[in-house]
């Protein structure tokens, strides 16, 4: 197995039980395809629109511009089309124009992105999108799925505060159609943060749409963000979590899983128990997971018992999955946690991060008690992560050198070893101690033994100057 020096250390996260072909495939991954895109932010860009582009990003939605683009028939088939506008003025008008354009020219796109959030919470302009506008927009999105070519769907409608249960019903119907008629869907992301008028009825309708599809094997990235649904109770959260448990049982190829119920203040220990079951299901079914992100800020009714269930779920994740690269968990604002809970979460996560995940690149577990914030992943922990990763890189280098049909030069070995040795005394000791243990398992090349013997030779007294 040939190890290239320009491969990132993250690709050393090989599955211990995987076949040799699977391990070699990680080192032969193709580079991501270069995407040629054009940003259409005015009429002056219309002359540059041609079928050579892979991605078309619309940042202006006036009727004349989109009508002119509509004359270019077939340009958008099997391409990426994105509608982006990071502020909330005239969103109702924009949504109507976008829905008509999607209906006329974007029914055969491969990737569709509609990103229309209200990012400025102090903006004086009120969001004017209503339930009728939502229905028109999602009817057009639903028509896109009928082609069976949709692979990527990203929707961001943050802070559309006027939307109610009727809007959620339209969204749920659209998602049901997308999941049923898009067999090649690999990426699904939806952001409905701060829809404050949604109640348990809307949350239950949304959860039912996630349970309909019989097969999620093509799904690789999943992001479900429902932050700030203050009126929803623990019943709604239990429905959503149960639907994700069923989904994860069918999505064995998931690599990214993000789930946010930020500021759902009515969640309780039962919700924590179900989250633990969700983590257990992910650890059993989704062996390819690399990035996990949970945000449960503001679950004020959770106690030490719920935290204990959560710790059990995280432990099962780290014990079963050995390819996790990024892990984030936010449980700030859990007011029912005592000092016993603080000690429990600290000890649990430190043990998991130190001993169970040698390939972890980034991990953040945030917990706050009143004004006191405890962040478990400190610089010291990150230094330990890097030391473990460097040691595994060194081990793979030795393994490759022994099994390689052609020997590499001594300079390459020395350069590689010098890059791994950092001035921190702790890291150097860890690598040196690991080398001693490896000698019984890996046959060292002759020139490496000679190099070590030279380094260990005692200086002769006659050559020393006093």
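Just so you know, all these numbers are worked out from the coordinates, no wet-lab data involved. No experiment lies behind these values; they were computed from the predicted model shown.
Assorted remarks:
- Annotation: Cα Rg of region 127-212 relative to the compact-globule expectation 2.2 N^0.38 Å equals 1.05.
- Region 35-197 - convex hull of the alpha-carbon atoms, volume per residue in Å³: 103 Å³
- Ratio of Rg to Rh over region 242-313 (Cα coordinates, Kirkwood Rh, two decimals): 0.98
- Our note on the geometry: Cα centres of region 217-263 and region 269-306, 10 Å apart.
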